[in-house]
Amino acid sequence: MTATIENVRVHCFDYPRDRVIGDSQFYSTHVWAGCLEIFDSQGNVGLGFFQSLHAPLPDAREIKALLERLRLPGMLQQTPEALIHKVSRPRGGNIFPLPHSLDQAIDQALWDLAAKHADLPLYQFLGGTSSKVKSYGSGVCFHMNNKEVADFYNNATRYGFDAYKVKVGFDTAEQDLHRLEIVREAVGAQARLMIDANEAWSAKEAIRRIRYFEEKGFPIFWVEDPILRHDIPGLLDVKHALSDSHLNVGEYLDLSGKRNLVDNNAADIINIHGDISAALKIGWLCGEHGVPISLGNTPMELGAHIASALPEVIYTEHSLLNMDAIIDTPLKVENGYIHLPDTPGHSFTLSTSSVRELKPSVAG
């Protein structure tokens, strides 16, 4: 008998981060994360994750009520396999995302369920063959002091990364350079350095700073989101001005926005995140054009499953965040690779001890 969607349950967590994280535009000291459980008629559970970076999540009852009004009617009594492959007809007022990346959580939970029905690890269900993916260390460190930055990257070296990303976008290029000096001292001169400005600069300023870093002996493997996401002419100016650095963009854009980057040849690398269905589409498009992909931070590093399935992916971000405190078994990182277990689905289960200790709001 085919297993169909029966019900959902929502957990909303609020607890301190183990360090302040942020970039040139925001900072965060708390984990405001949610878990969405989707139950099928055979007792299987698919798990997806959502979060808020800027304010606490609503109570879980509000989240569930939102889902019951806007998403669940089209999901109940359907199979997850049908839902993940469904092509909708977006028109007018029905084009809208749910807040807090709830649509992404639904997508993750449905793919988790579908892979469990197939009795396959998610990466294999997606077409991946490798149970490990190349990763880089990322401190999300803009608001950390210099000692905290040095301590973080010193600790990160024990995972064997060969590349590290640094948040930049301070008032002066000298401040940015000092951060690069601290990180290189911690990780060693042999490691690749990437920078992420989170749209802090104009195109001219981005070009000036990258050249300044290179003149000071800091080659940059990629510069991420140096200018405004929709500024195609500016992105082309930066891309053409770079000699050895690569332009990595797309984090803040939806599937259509990423397609616009590819169509205009406005990126050396396209950055994607944890929406599995959208990632497969942009992965196909990048493969058609020979454009490399990077996987940004995803809840619990779930994106490593996507990275295994998309041959254009060159790196997957790992920021050693304590968001994984709410699951039982985080993914192992060793010798610069994230290792994927061979259990059905994405392998994550909600930690009962964390639920007991952190006391999230629950609905369902």
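Structure notes:
- Here ILE270, ILE282, ILE338 are screened, and the one residue that is among the β-branched types (Val, Ile, Thr), more than 13 Å from the chain's Cα centre (by Cα) and assigned to a strand (DSSP E or B) is ILE338.
- Test: residue in the stretch 103-116 that is hydrophobic (A, V, I, L, M, F, W, C), touching a Phe, Trp or Tyr at 6+ places or on another chain (Cβ under 6 Å) and under 14 Å from SER347 (Cα atoms): yes
- Subset tally (residues that are in contact (Cβ under 8 Å) with a residue 40 or more places away in the chain and farther than 16 Å from VAL149 by Cβ) for the stretch 161-172: 2
- Set side by side, the residues ASP103, ASP112, ASP107, ASP40 differ, and just one is charged (D, E, K, R) and over 20 Å from LYS281 (Cβ atoms), which is ASP40.
- Top-ranked residue in the stretch 313-339 [being without any contact (Cβ under 8 Å) to a residue 40 or more places away in the chain and of a type outside the set (A, V, I, L, M, F, W, C); ranked as surrounded by the most Cβ atoms within 10 Å (Cβ to Cβ)]: ASP324
- Flag if ILE210 is farther than 20 Å from LEU321 by Cβ and surrounded by 22 or more Cβ atoms within 10 Å (Cβ to Cβ): yes
- Test result for LEU295, of a type outside the set (Val, Ile, Thr) and under 15 Å from the mean Cα position of the chain (by Cα): yes
- Cβ-Cβ distances below 8 Å connect the following pairs, each with a first residue in the stretch 1-24 that is without any contact (Cβ under 8 Å) to a residue 24 or more places away in the chain, a second residue that is surrounded by fewer than 18 Cβ atoms within 10 Å (Cβ to Cβ), and a separation of six or more residues or different chains: PRO16/THR29; PRO16/HIS30.
- Candidates LEU261, LEU236, filtered to the one that is in the same structural domain as ASN155 (by TED's automatic domain parsing), farther than 21 Å from THR316 by Cα and without any contact (Cβ under 8 Å) to a residue 40 or more places away in the chain: LEU236
- The residue that is surrounded by the most Cβ atoms within 10 Å (Cβ to Cβ), among those in the stretch 252-284 that are closer than 21 Å to TRP111 by Cβ and of a type in the set (D, E, K, R), is LYS258.
- When each of LEU113, LEU67, LEU126 is tested for being within 29 Å of LYS165 (Cβ to Cβ) and either of a type in the set (Lys, Arg) or touching a helix residue (DSSP H, G or I) at 6+ places or on another chain (Cβ under 9 Å) (or both), the lone residue that passes is LEU126.
- Tally of residues being surrounded by 18 or more Cβ atoms within 10 Å (Cβ to Cβ) and in contact with a helix residue (DSSP H, G or I) (Cβ under 7 Å, 6 or more places away or on another chain) across the stretch 145-163: 2
- So LYS359, is it under 17 Å from the mean Cα position of the chain (by Cα), farther than 18 Å from TYR136 by Cβ and basic (Lys, Arg): no
- Here SER52, SER28 are screened, and the one residue that is polar (S, T, N, Q), over 29 Å from LYS281 (Cβ atoms) and modelled with pLDDT of 95 or more is SER28.
The values are calculated or read from the model by the stated rules, or taken from the named source; none is laboratory data. Quick caveat: nothing in here was measured; it's all calculated off a predicted structure. Because the Cβ atoms are built from the backbone with ideal geometry, glycine has one as well, and the counts that use them run over all protein chains shown.
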